[in-house]
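Down below is the structure, laid out as structure tokens.
The values are calculated or read from the model by the stated rules, or taken from the named source; none is laboratory data. These numbers come from a predicted model, not from an experiment. Backbone-built Cβ (ideal geometry, glycine too); neighbour counts: all protein chains shown. Just so you know, the surface numbers come from the protein's heavy atoms only, side chains and all, with ligands and any DNA or RNA stripped out. Shrake-Rupley method; radii C 1.70, N 1.55, O 1.52, S 1.80 Å.
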Amino acid sequence: MTYCVGIMLDAGLVLSSDSRTHAGVDNFASFCKMTVFERAGDRVIILLSSGNLAGTQAVIGLLKQRNAKEGVPNLWGAESMFDSAMLVSDAMRDVDRRDGKHLAGSGGGFNASFILGGQIAGEPPRLFRIYAEGNFIEASLETPYLQTGETKYGKPIIDRVITRSTSLNDAAQCALVSFDSTMRSNLSVGMPIDLICYERDSLEVRMRRRFDEGDEYFSALGKQWTEGTRQVFSSLPKLDWSGH
């Protein structure tokens, strides 16, 4: 299990992912689930991965391999973020064609999904959620954020805070709080947490951080959120048992 979130704002994008993978209660490990393809001044493409680690790594490896070849459709030559989403989808289906029947034979299957966000010069930033089948949806004015993995614990916080006009910094804090809440409720999501704030039209990554276990800022943020939530709860109107 993992948790990834991408947020689309008027000011740009916020994308974040955890790093925990596990194959049973006694076999936890950490792998970075954020991949960045960047050519300053031309494009920033950020890929967050969720699902079977071997499957997601195979897709990312195939994308990198195609980027290194001339005459092959790849992310460096994509003319739009929509084209980029199609290229990721194609790579997913290629890996599934190769591995799917073998995984099905062992009771599993190809289980990889992605959040794709970024900007290519000449168009605004865009954000996509790509499903295991290779189809995808795009974030909109009505739905300014997309999640994958263990989504339910962090979703209520984002729903209450995020609008398209939210600042990058506030959205980044909101994303981190959603991770704190998720980690408190599900041990299969864990640190380190990777975070990128991409400023609209900058065409380069200027704000990127990794939060490791024991990070002072992340710990303080979670503690203050918990204390603040308890204070708000204690100030709520008391239940009147005499009402009808």
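Please count how many residues of the range 60-71 are touching a strand residue (DSSP E or B) at 6+ places or on another chain (Cβ under 9 Å) and either in a strand (DSSP E or B) or open to solvent by 40 Å² or more (accessible area, probe 1.4 Å) (or both). Break it down into steps so the answer makes sense when it comes.
From the range 60-71, those touching a strand residue (DSSP E or B) at 6+ places or on another chain (Cβ under 9 Å) are 60, 63-64, 67; that's our starting set.
Now drop any that are not either in a strand (DSSP E or B) or open to solvent by 40 Å² or more (accessible area, probe 1.4 Å) (or both), which leaves 64.
The number of residues fulfilling the criteria is 1.
Select from the range 96-112 the residues that are in a helix (DSSP H, G or I) and at pLDDT below 70 and write down the one among them that is most open to solvent (accessible area, probe 1.4 Å).
Here the residue is His102.
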### Query
Taking interchain pairs and intrachain pairs at least six residues apart, which have beta carbon atoms under 6 angstrom, with the first residue in the range 167-186 and closer than 16 Å to Arg210 by Cα and the second open to solvent by 10 Å² or more (accessible area, probe 1.4 Å) and part of a helix (DSSP H, G or I)?
Cys174/Val161; Leu176/Leu221; Val177/Ile157; Val177/Trp225; Ser178/Ile157
### Message
Looking only at residues that are outside any helix (DSSP H, G or I) and open to solvent by 50 Å² or more (accessible area, probe 1.4 Å) in the range 73-95, which one is farthest from Gln119 (Cα to Cα)?
### Response
Pro73
### Summary
Residues of the range 28-71 being closer than 21 Å to Gln119 by Cα and free of Cβ contacts under 8 Å to residues at least 12 places away in the same chain, in sequence order, are Lys64, Ala68
### Query
Is there a residue in the range 159-181 that is touching a strand residue (DSSP E or B) at 6+ places or on another chain (Cβ under 9 Å), of a type in the set (Lys, Arg) and within 22 Å of Ile193 (Cα to Cα)?
no
### Task
Within the range 50-59, track down each residue that is surrounded by 19 or more Cβ atoms within 10 Å (Cβ to Cβ) and not hydroxyl-bearing (Ser, Thr, Tyr).
Gly51, Asn52, Gly55, Ala58, Val59
### Query
Which of (1) without any contact (Cβ under 8 Å) to a residue 60 or more places away in the chain; (2) of a type in the set (Gly, Ala, Ser); (3) touching a strand residue (DSSP E or B) at 6+ places or on another chain (Cβ under 9 Å) does Ser234 not meet, given it meets every other one?
(3)
### Task
Could you look through the range 6-33, keep only residues that are at pLDDT below 95, among the hydrophobic types (A, V, I, L, M, F, W, C) and in a strand (DSSP E or B), and pick out the one that is most open to solvent (accessible area, probe 1.4 Å)?
Phe28
